[in-house]
């Protein structure tokens, strides 16, 4: 794996390398290098499987982190490629030409986070949230409580009972002191 990382470092700047386990690495690169890095890893380094594409919302930094998880069947290594993009201009290059199934991940991220992947097939169609008109629900500034109050019937809250007292009042109200046991449950 060190040789692969060294070959990558000759092509681009790698901001960080994290080795979680012998078979799991993460690197962080600049957004501009994503196509070059993914193409190189797939075509020259045999990372042929795109396992997933996910996003994390770092609202405090006004950034999204995208992680492309690749797998190499020959050396049995997972490699996560992390890039950061701005939240207000959340747009990223589509990789559906490298991995045809990537359009599904990209479509999901567009709907749930509002991250656009121009040119990706069906990216503007609803994925699971048909008719959704709120801000994307996986963004951290989405107010789930306000949405719930506005959308759903509000039922009364639950009451909390002391279990010992509840048992005495509800279940054992007719249980009296037993002369043979000497027990008094009051």
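Read-outs throughout are calculated quantities, based only on the coordinates presented, and are distinct from any laboratory measurement. These numbers were taken from a predicted model, which means no experiment stands behind them. Reconstructed Cβ throughout: ideal geometry from the backbone, glycine too, with neighbour counts over all protein chains shown.
Structure notes:
- Computed E for residue 91/residue 51 - FRET, C-beta separation, R0 25 angstrom, nearest 0.05: 0.60
- Compactness of the stretch 2-155 is given as radius of gyration and Dmax, 17.3, 61 Å, from Cα positions.
- C-alpha long axis of helix 2-11 to longest principal axis of the chain, angle in °: 60 degrees
- Helix 34-43 and the long axis of the chain differ in direction by around 80°, with both axes built from C-alpha atoms.
- Cα Rg over Rh - the stretch 89-181, Kirkwood: 1.46
- Taking 7 Å steps out from each Cα toward its Cβ at residue 164 and residue 24 produces label points 4.4 nm apart.
- By other beta-carbon atoms within 10 Å, ranking 135, 34 with the fewest at the front produces 135, 34.
- With Cα atoms, 0 to 90° folded angle of helix 102-113 axis to the chain main axis: 50 degrees
- Difference of contour (0.36 nm per residue) and Cα-Cα distance, residue 32 to residue 147: 37.8 nm
- Each residue in 52, 117, 84 was given a count of other beta-carbon atoms within 10 angstrom of its own, and listing them fewest first yields 52, 84, 117.
- Label point distance in nm, residue 14-residue 98, each placed 7 Å from Cα along Cα→Cβ: 1.5 nm
- Sorted fewest first by neighbouring Cβ atoms within 10 angstrom, 153, 25, 58 come out as 153, 58, 25.
- Choice from 131, 114, 157 with maximal GNM fluctuation in the chain (Cα, 10 Å cutoff): 157
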